[in-house]
Amino acid sequence: GLLRDDQGTVQKDGVFSTGNHIIKTNNVDGRGVFYTYTDQGYRRDGDWSLTGEKWEKGTCILEFNRTCTNGKSSVDLNNMLDISSNNLFVQDTDLAFRPRITYDDKKAYPMGRWFQDDGECVDEVIRGCFNNGTCVAPDTCRCAPGWTGSDCTIPICSQTCNHNGNCTLPDTCTCERGWEGHDCSIAVCSQECNNFGKCVAPDVCHCKQWPNTFYDGYEGGGRPIFRKPNGDPQMTGWTGYDCATPICVQAEKFTLNYNGTEEAKTIKLGGHGKDGRLECSEVRCHDYNKMVTQNDGRSFQTGCGFDPIDTGCCDTIEEGERADITLQFVCHKCRDTHTLIQPHNITCVDMMIDSFEYTNVADMDDIFKFDDTTVKLCGRDHNPGGPMGVDEDGNPTNVDYYVSYLANVGPEFSSRNGLSNITSDFFLCKRDYWVQGDFVDDAGLGDIVGAGSDFGLKEGRHVRVNYPNYNKSNLVDENNNEIWMTGPAMPGEGIFECYNGGSCIAPDVCTCKDGWAGFDCSEPLCRHMQALEWNPEPNAVSGQIVGCLNGGICSAKDDCTCIQTVSVLWKVHKGAQRGMTGWTGTDCSMPVCVQGYYDPFCSTENAPGGEGCFRCANGGLCTAPDYCECAEGWTGFDCKTPKCEVVADFLVRKQLDTVDEEKINYFETDPCTMRDISVPRLDKGTEYYRGNCTLPNQCTCHCFWSYYPSMCYTNGNNCTAPFQDIDMFKLRNALEPYQMFGTRDCVDGYEGAVDGKDRYMSCHMEILVPTTFVRYTFDILVFGSIFSLIFSASYVYIRRRMKRRYILAKIERRKSRRSSEESVTGADQNAFTY
């Protein structure tokens with residue numbers, strides 16, 4: 001309103017000036033600015049107090065209606081006026097019979113003499129009873145309309161004066177404190193009842209609430225997830241002494257406000273901005289951790305702001321509003337010497353409010369500023385919400401009120417705190433408790449829900465309860481259903497605290513801090529950057545963001561619990577290590593191989609988390625739990641088994657002595673052992689195949705008997721070298737197709753194809769172990785020939801000798817026979833006898 005010259009001063013940049021100044025009465029959005037300086041509604045229009053004096057009945061003036069007979073007129077002797085013609089009443093009926101002479105110290109002054117005339121006059125009492133009541137008989141009153149009683153002192157009210165109100169005049173109720181209206185049925189609240197709330201009793205807001213809609217997925221619609229002990233769903237909506245605080249039944253707890261100086265007791269809650277719609281370009285957004293609400297009593301309470309009496313505040317000067325175009329602000333403050341603070345109201349005595357005009361913020365007194373650049377503008381300053389100010393384009397800055405995005409919901413799901421226009425930073429802000437209720441009884445609201453949580457309104461003045469404190473116990477009933485119980489009463493103002501520091505900004509709407517999500521902010525988020533496919537720089541990232549991969553569970557903010565189990569490799573592969581296998585790493589992208597080893601410097605595409613990887617032997621990589629992807633030339637569960645493969649060319653096929661392609665394929669895939677197409681050789685009780693694949697495409701062929709030149713030279717052992725058939729190779733082929741002469745030190749064993757470095761690639765050729773004849777054929781031939789010659793010569797010689805001896809013997813026999821015959825017969829000598 002208007003500040004007169006005798007109600008404070010007007011200053012410009014600290015210099016007093018003359019003239020009046022108007023304190024603005026409109027907010028920037030066009031609605032009125034109202035300031036309240038009390039927390040008891042009946043004091044808003046003035047502070048009533050008791051006088052201490054006893055009430056007494058007033059004095060009644062007796063008047064009479066005089067009527068005379070015989071047509072005589074009656075005259076009022078006081079003013080000598082005709083009573084009947086002037087509609088007058090007589091007050092002193094005996095005046096005609098009293099002396100009408102006055103005296104002074106010198107003489108008497110008569111006013112005439114009366115003579116009795118014919119007829120008589122009758123005087124009827126017109127009032128005689130209280131409140132214009134008429135005495136119609138001794139001790140009998142006829143009361144005027146609206147009054148009753150023996151003396152007409154009791155007023156009559158056609159309406160009932162409710163809530164202990166009194167009928168003090170006809171059809172007029174004098175109401176008990178906190179009530180007004182013609183029948184005292186209208187409650188008076190010092191605060192606004194926001195979000196469709198109603199003032200139902202002195203300083204009592206009945207807030208709009210409704211059953212929450214969180215149900216489980218069981219048949220028949222399910223049961224409420226958050227319910228009362230009787231099974232009904234808990235109520236959601238709005239609460240608080242001014243119905244400005246949203247209810248979140250899914251919240252972790254209800255935190256009472258703390259209006260003190262201990263910083264540790266102030267709980268700051270974050271979220272996606274004050275309206276829940278803050279967007280952030282960063283995946284891990286620290287802006288979500290900034291304060292959205294806190295339990296300091298300034299969150300949601302709509303009385304917060306700045307006023308000209310208590311806090312001091314400033315009005316902005318808009319273009320064209322003042323002739324002095326250099327002005328930017330006009331600030332107001334009641335003088336400290338005239339500021340009267342009482343328990344339930346503040347008064348600026350004689351309205352001594354000083355106004356200060358400023359052309360810039362820098363010259364402004366500190367009492368009108370938050371900091372060097374932020375001005376305390378007159379009007380509301382809500383959180384969430386904002387100050388009552390304008391932006392660069394002149395638009396209101398109070399845009400941080402939550403608006404529901406849900407379809408088919410009413411306006412009660414959105415915050416309407418921005419529609420409030422009563423400011424009282426002293427009484428309607430920073431409240432940690434609120435005293436409410438009828439001054440006599442419970443105003444008939446003992447069963448109402450939403451005025452004292454779920455428990456109705458108590459009798460008399462009491463601290464408001466905003467939280468029913470329903471808790472789920474660890475017990476179950478006979479049907480295995482959860483049991484909900486009511487905890488101790490929690491009187492006081494506060495805010496609902498969602499899990500992990502999230503803010504409740506609207507009915508059943510939680511906005512979460514960074515790293516948390518879900519309807520109650522209990523669901524952790526895991527955000528992990530993936531590394532480049534390959535980069536020599538450590539910890540290089542590509543910016544791809546993933547959660548917990550491979551079935552991992554996000555158990556806490558950015559903390560994955562990876563799936564792991566006991567390895568069973570040892571049951572399948574003899575000699576395998578025991579341990580845990582599965583996935584590891586911050587994002588569970590790293591497979592674990594118990595048969596491998598961890599390499600912290602792994603920076604390939606197989607380490608997407610950039611935290612290293614598990615490697616397997618011989619350059620192999622662990623690409624899945626207990627699965628090694630081996631480098632070229634290696635195989636096996638641990639990549640320790642070399643892989644040997646060859647291509648059978650024409651010569652090899654001939655050496656294999658087969659046209660069976662299946663056998664050829666067996667050979668090409670197993671050229672060292674040839675397990676499927678060869679028979680093992682038994683040596684000293686052990687079966688041996690042809691060889692082993694000891695390195696990729698490198699065979700170590702078995703040798704059962706070796707030639708050791710050094711040993712041969714030293715002690716004369718192992719001096720037999722591989723057979724080569726040097727003397728006879730031009731005359732014969734001692735080899736089968738699958739055989740070959742030993743090319744190295746192996747006398748008895750296997751050899752095969754070699755690579756460019758003369759390393760065996762197969763063991764398909766059997767080293768020829770010749771028979772004695774084959775090995776010594778040349779010697780046998782030489783010695784045989786010599787022997788034959790000697791034998792032949794000896795034979796001839798002996799034969800001749802034998803023949804000669806035979807002939808001689810024959811001659812001797814003949815001689816002997818002849819002699820015998822001659823002796824017997826006495827035959828004559830002749831030419832044939834001696």
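The values are calculated or read from the model by the stated rules, or taken from the named source; none is laboratory data. Since the model is a prediction, treat every value here as computed from it, not as a measurement. Every residue, glycine among them, receives a Cβ derived from its backbone with ideal geometry; neighbour counts consider all protein chains shown. Side chains included, ligands, DNA and RNA excluded: accessible areas come from the protein's heavy atoms. Shrake-Rupley method; radii C 1.70, N 1.55, O 1.52, S 1.80 Å.
Computing the accessible area with a 1.4 Å probe over protein heavy atoms, can you report the carbon and sulfur percentage for the chain? Kindly include the intermediate steps, with their values, before the conclusion.
Details: 25290 of 48210 Å².
Percent of accessible area from carbon and sulfur atoms in the chain: 52.
Using a 1.4 Å probe, what is the accessible area per residue for the chain, in Å²?
Details: 48210 Å² over 834 residues.
Each residue of the chain exposes 58 Å² on average to a 1.4 Å probe.
Around residue 357, which amide H atoms from residues at least 5 apart in sequence, or from another chain, sit under 5 Å from its own amide H, with H modelled in the peptide plane?
Long-range HN contacts for residue 357: 11, 12, 13, 14, 331.
Against the 2.2 N^0.38 Å scaling, with N counting residues, where does segment 425-509 land? I'd like the Cα-based Rg ratio to two decimal places.
1.36
Rank these residues by their accessible area, most exposed first, probe 1.4 Å: 435, 592. Spell out each step's value before the answer.
Values: 435 50, 592 15 Å².
The ordering from most to least exposed comes out as 435, 592.
Hey, if we sort 803, 369 by accessible area with the 1.4 Å probe, largest down, what's the order? If you can, show how the numbers build up before the last one.
Numbers: 803 125, 369 25 Å².
Putting 803, 369 in descending order of accessible area: 803, 369.
Quick one: how many Å² of residue 597 are accessible to a 1.4 Å probe, rounded to 10?
It works out to around 120 Å².
Amide H to amide H under 5 Å from residue 470: which residues, 5+ apart in sequence or cross-chain, H placed 1.01 Å off N in plane?
Under 5 Å from the amide H of residue 470: 487.
Leaving out same-chain residues fewer than 8 places away, which lysines sit with a Cα under 20 Å from that of residue 265?
Leaving aside lysines fewer than 8 places away in the same chain, those within reach of residue 265 are 253, 290, 430, 513.
Using a 1.4 angstrom probe on the protein heavy atoms only, line up 68, 588 by accessible area, largest first.
Values: 68 30, 588 0 Å².
So, going from the largest accessible area down, we get 68, 588.
For segment 366-512, which semi-axes, largest first and in whole Å, follow from the square roots of 5 times the eigenvalues of its Cα gyration tensor? Don't skip to the end; give the middle numbers.
Working: eigenvalues 248, 105, 48 Å².
Each semi-axis is the square root of five times an eigenvalue, giving 35, 23, 16 Å.
If r is the Cβ-Cβ distance from residue 166 to residue 81 and R0 is 45 Å, what FRET efficiency results, to the nearest 0.05?
Details: r = 42 Å, r/R0 = 0.94.
Once the sixth-power term is evaluated, E becomes 0.60.
Go through segment 579-592 residue by residue and turn each phi into a ³J(HN,Hα) via Karplus (6.51, -1.76, 1.60, θ = phi - 60°); whole Hz please, and just put x for glycine and proline.
Once rounded to whole Hz, the list reads x, 8, 10, x, 10, 8, x, 4, 10, 6, 9, 9, x, 10.
Considering amide H positions built from the backbone, and no H for Pro or chain starts, which residues 5 or more places from residue 68, or on another chain, come under 5 Å of its amide H?
Here 122 satisfy the definition.
Could you state how much accessible area residue 815 has, in square angstrom rounded to the nearest 10, with a 1.4 Å probe and all protein chains kept in place?
90 Å²
What is the Cα convex hull volume of segment 267-383 when expressed per residue in Å³?
162 Å³
Quick one: 3J(HN,Hα) in Hz for segment 231-247, Karplus 6.51/-1.76/1.60 with θ = phi - 60°, rounded, Gly and Pro as x.
Per residue, the Karplus-derived 3J(HN,Hα) values read x, 6, x, 5, 8, 10, x, 10, 8, x, 4, 10, 6, 9, 9, x, 9 Hz.
If the chain were replaced by its equivalent ellipsoid, with semi-axes equal to the square roots of 5 times the Cα gyration tensor eigenvalues, what would those be, largest first, whole Å?
Working: eigenvalues 3599, 200, 59 Å².
Here the semi-axes work out to 134, 32, 17 Å.
Using 0.36 nm times the number of residues separating residue 49 and residue 757, minus their current alpha carbon distance, what extension gain do you get?
Values: separation 708, 0.36 × 708 = 254.88 nm, distance 11.63 nm.
Between residue 49 and residue 757, full extension yields 243.3 nm more.
With everything on Cα atoms, drop me the angle between helix 777-825 and the longest principal axis of the chain, reported from 0 to 90° to the nearest 10.
Between helix and principal axis, roughly 30 degrees.
Hey, any idea what the orientation-averaged projected area of the convex hull of segment 195-314's Cα atoms comes to, in nm²? Please list the in-between numbers first.
On the way: hull surface 50.7 nm².
Average of the hull's projected areas for segment 195-314 equals 12.7 nm².
Residue by residue, what Karplus-based ³J(HN,Hα) values in Hz, rounded to whole numbers, does segment 679-690 have, using 6.51, -1.76 and 1.60 with θ = phi - 60° and x for Gly and Pro?
Those phi angles translate into 9, x, 9, 8, 9, 6, x, 10, 8, 10, 8, 5 Hz.
I'd like the accessible area for residue 804, computed on protein heavy atoms only with a 1.4 Å probe and all protein chains in place. Round to 10 Å², please.
150 Å²
Net charge around residue 521, counting only other residues with Cβ within less than 9 Å of its Cβ (Lys, Arg = +1; Asp, Glu = -1)? Each step should come with its number before you reach the end.
Working: positive: 513; negative: 252, 520, 523.
Neighbourhood net charge equals -2.
Measure of size requested: the Rg and Dmax of segment 403-469, with Cα atoms as the atom set and Å as the unit; please supply both.
For segment 403-469, the Cα radius of gyration and maximum Cα-Cα distance read 15.4, 45 Å.
I'm a student and want to see the number: the projected area of the Cα convex hull of segment 671-813, averaged over all directions, in nm². Please report the intermediate quantities before stating the final value.
Working: hull surface 62.0 nm².
For segment 671-813, averaging the hull's shadow over all directions gives 15.5 nm².
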